[in-house]
Amino acid sequence: MSFCGHAILQEEEIFIVEDSTKDERFKDNPLVTEMKAIFYAGVPLVSNNGFKLGSLCVFDHKPRKLSKVQITSLKALAKQVVILFELRKKNKLLTEFQKELQQRNERLVKFAHVVSHDLKSPLANITSLTRLLREENIQNLSEDSNTYLNYIEESSLTLKNYINGILKFYKADELIDAQKQDVELKKLFEEISEILMTDDIVFKFPTEGVLKNVNKAALSQIFLNLVDNSLKYNLNQQRLVSITYSEEPDFHKFSIKDNGMGIDLGVQEEIFTLFKTTGIKDRDGKEGTGIGLATVKSLVSKLGGTIFLESEPGKGSIFTFTIQK
């Protein structure tokens with residue numbers, strides 16, 4: 001008996017009853033006789049899949065005609081209603097997906113912590129027993145035996161670096177939650193220098209300026225990773241690392257320049273991907289884990305900034321990143 005039922009079932013874009021008292025379908029309808037629904041115009045609400053969900057309609061208590069502009073407007077409004085329905089559905093699905101993704105990530109973080117910690121103990125035993133075996137049999141070991149022990153130690157160290165890197169990567173969120181504070185640039189870089197610098201390194205950095213209300217823990221980790229990479233992948237007798245700072249309206253901007261090996265253009269886009277490496281060995285002959293720069297990008301993104309690289313093999317690299325104020 002409803003007007004909207006007719007609007008939904010018919011195939012036209014709009015269903016109009018100009019005077020229901022003269023329409024055989026509706027003149028005895030209680031909506032007409034009791035509620036005085038004399039005029040009706042309704043547009044079916046059709047989903048992207050072709051399902052008619054309902055109608056958008058207008059009533060009046062007297063007969064009337066709609067102009068072309070009014071008909072076009074009603075159709076346009078109906079399309080907007082459908083768009084809103086579709087957006088609401090997508091938002092609901094997205095919210096559910098985000099919730100599921102968060103739960104998966106929490107399980108993954110927990111798994112990474114458990115596995116990493118469970119691996120640390122036997123790995124430490126392997127390293128200790130290998131060294132003990134070498135020390136107690138130093139006079140009796142053949143050249144091949146020494147080579148095998150070296151392989152064991154190198155493999156253990158590689159695995160250790162992976163484990164530490166994974167833990168550091170999944171602790172990025174904990175760093176982001178650290179309390180914000182004012183940070184003096186000079187003190188920040190002096191702390192970095194105490195941890196990483198040796199006599200063969202020239203380390204230049206800003207000695208003036210204060211960053212207001214920033215996440216020092218996350219910022220320190222970013223610099224430790226980037227500066228450490230600059231030093232490890234550098235075969236020069238005198239290694240150089242230079243940091244510059246500039247202030248933008250909405251961001252703090254830093255650049256870390258070195259005179260190291262440089263990175264080929266073909267792999268520059270991949271180096272921030274987890275477990276992606278350049279295949280280049282550092283000054284100690286070790287290949288990277290592909291975790292450090294992924295951790296850096298994750299931290300920078302969580303701080304509202306971006307990071308990019310300028311580099312050329314043999315001419316060093318410049319990593320530039322921003323963090324939001």
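The values are calculated or read from the model by the stated rules, or taken from the named source; none is laboratory data. All values derive from a computational prediction rather than experimental measurement. All Cβ positions, even for glycine, are placed from backbone atoms using ideal geometry, and neighbour counts span all protein chains on display. What goes into the accessible areas is simple: the full protein's heavy atoms, side chains included, and nothing from ligands, DNA or RNA. Shrake-Rupley method; radii C 1.70, N 1.55, O 1.52, S 1.80 Å.
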In this structure, does Ser55 turn out to be open to solvent by less than 100 Å² (accessible area, probe 1.4 Å) and either in a helix (DSSP H, G or I) or out of contact with any helix residue (DSSP H, G or I) (no Cβ under 8 Å at 6 or more places or on another chain) (or both)?
-> no
Pairs, please: C-beta under 9 Å, at least 6 apart or cross-chain, first residue under 22 Å from Ile318 (Cα atoms) and in region 180-205, second part of a loop (DSSP other than H, G, I, E, B) and among the aromatic types (Phe, Trp, Tyr)?
-> Leu185/Phe205; Lys186/Phe205; Leu188/Phe205; Phe189/Phe205; Glu190/Phe205; Ile192/Phe205; Ser193/Phe205
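Yes/no matrix, rows are residues, columns are (1) at pLDDT 85 or above; (2) surrounded by 15 or more Cβ atoms within 10 Å (Cβ to Cβ); (3) touching a His at 6+ places or on another chain (Cβ under 7 Å); (4) not in a helix (DSSP H, G or I):
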{"position": "Pro122", "(1), (2), (3), (4)": "no, no, no, no"}
{"position": "Ser156", "(1), (2), (3), (4)": "no, yes, no, no"}
{"position": "Leu159", "(1), (2), (3), (4)": "no, yes, no, no"}
{"position": "Ile163", "(1), (2), (3), (4)": "no, yes, no, no"}
{"position": "Asp182", "(1), (2), (3), (4)": "yes, no, no, yes"}
If only one of Thr295, Thr289 is touching a residue at least 60 places away in the same chain (Cβ under 8 Å), farther than 23 Å from Lys186 by Cβ and under 16 Å from the mean Cα position of the chain (by Cα), which one is it?
-> Thr295
Every pair of residues 6+ apart whose Cβ atoms lie under 7 Å, when the first sits in region 4-23 and is without any contact (Cβ under 8 Å) to a residue 24 or more places away in the chain while the second is of a type in the set (Ser, Thr, Tyr) and surrounded by 15 or more Cβ atoms within 10 Å (Cβ to Cβ) = Ser20/Tyr40
The number of residues in region 266-286 that are touching a strand residue (DSSP E or B) at 6+ places or on another chain (Cβ under 8 Å), at pLDDT 75 or above and open to solvent by 20 Å² or more (accessible area, probe 1.4 Å) is 4
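Filter region 251-265 down to the residues that are within 20 Å of the chain's Cα centre (by Cα) and open to solvent by 50 Å² or more (accessible area, probe 1.4 Å), then identify the one that is farthest from Tyr151 (Cα to Cα).
The residue in question is Phe251.
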Just give me the residues in region 206-219 being open to solvent by less than 80 Å² (accessible area, probe 1.4 Å) and either in contact (Cβ under 8 Å) with a residue 60 or more places away in the chain or closer than 9 Å to Val183 by Cβ (or both), in sequence order.
-> Val210, Leu211, Val214, Asn215, Lys216, Ala218, Leu219
Say whether the condition of being among the basic types (Lys, Arg), more than 24 Å from Phe203 (Cβ to Cβ) and part of a loop (DSSP other than H, G, I, E, B) is met by at least one residue in region 274-297.
-> yes
Pairs, please: C-beta under 6 Å, at least 6 apart or cross-chain, first residue closer than 14 Å to Val46 by Cβ and in region 82-100, second open to solvent by less than 90 Å² (accessible area, probe 1.4 Å)?
-> Val82/Leu45
